[in-house]
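Coordinate-derived values only; no laboratory data. None of these values were measured; they are calculated from a predicted model. Don't worry about glycine lacking a Cβ; one is built from the backbone with ideal geometry, like all the others, and counts go over all protein chains shown.
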């Protein structure tokens, strides 16, 4: 599949986010091609990212295992296995994909596009693994290591200390407030902006009739998490 100059410009923007320049753009483009897009364009022989995802899954596990082994020498085998599983789970990989705005660069079929596929955890997690597989083929293991550890080391360390790469700000906020007040925590939608297939939600988190945090997301769940995150910063529980 040939890549248009317009598509190359889009891919160049992503490369600036991941600090890696592909020698062969084809691998990067395939890593971002969902099977729904491939199926809708069978006559063009477009390859989906499923094979790269298969490879990337193995590479992610290898790099994470190596990092955990070298960085956390005090942890026994069983604990290392648990932490690796946490980092490699779907929500964690989707979290990593969102950090580099991976959904914005994907090629999706019309159905997936219309139903919010760009923000679906399963699609994002698979695409992230496919991206890792693409970097591995194009640049080798050292380049993958630079990308994963260089971009996500703070999140990996957080995963070790908290047991989850995807930070559940709502649960954290609830635990904090339970120690301070018996008042109910409410999440209220302030407004919804955009068409159904690309809607953005604005949500406030309210305690004792006061807004203590606000957030925006492509789903209500994401917006609630961002509102809780802001509340934790305002409460002094977290620092930027």
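What percent of all Cα-Cα pairs in segment 9-135 falls into each 5 Å bin, going from 0 up to the bin containing the maximum distance?
Going from the shortest bin to the longest, the percentages are 2, 11, 20, 22, 19, 12, 7, 5, 2, 1, 0.
Project the alpha carbons of segment 72-150 onto their principal axes and report the range along each, largest first, in whole Å.
Here the spans come out as 49, 27, 17 Å, largest first.
If you project the alpha carbons of the chain onto their three principal axes, what span does each projection cover, largest first, in Å?
59, 51, 26
Take the chain, connect every pair of alpha-carbon atoms lying under 10 Å apart with a spring to form a Gaussian network, then pick out the residue of 183, 31, 92 with the largest mean-square fluctuation.
Answer for the Gaussian network model of the chain: 183.
For segment 169-234, max minus min Cα coordinate along each principal axis, in Å, sorted largest first?
Projected onto its principal axes, the Cα set of segment 169-234 covers 40, 20, 16 Å.
What angle do you read, to the nearest 10 degrees and between 0 and 90, between the alpha-carbon axis of helix 220-234 and the longest principal axis of the chain?
60
Distance from the Cα centre of segment 103-131 to that of segment 3-61, in angstrom?
Segment 103-131 and segment 3-61 have Cα centres spaced 12 Å from each other.
Which residue fluctuates most in the GNM of the chain (Cα springs below 10 Å): 127, 94, 85?
Its mean-square fluctuation being the largest, the pick is 85.
Could the peptides 47-57, 105-115 be put in order, highest first, of the mean number of other beta-carbon atoms found within 10 Å of their residues?
47-57, 105-115
Treating the angle as unsigned and between 0 and 90°, give the value, to the nearest 10°, between the Cα long axis of helix 50-71 and the longest Cα principal axis of the chain.
60
Relative to the first principal axis of the alpha-carbon coordinates of the chain, what is the inclination of helix 141-162, with its axis defined by its Cα atoms, in degrees from 0 to 90 and to the nearest 10?
20
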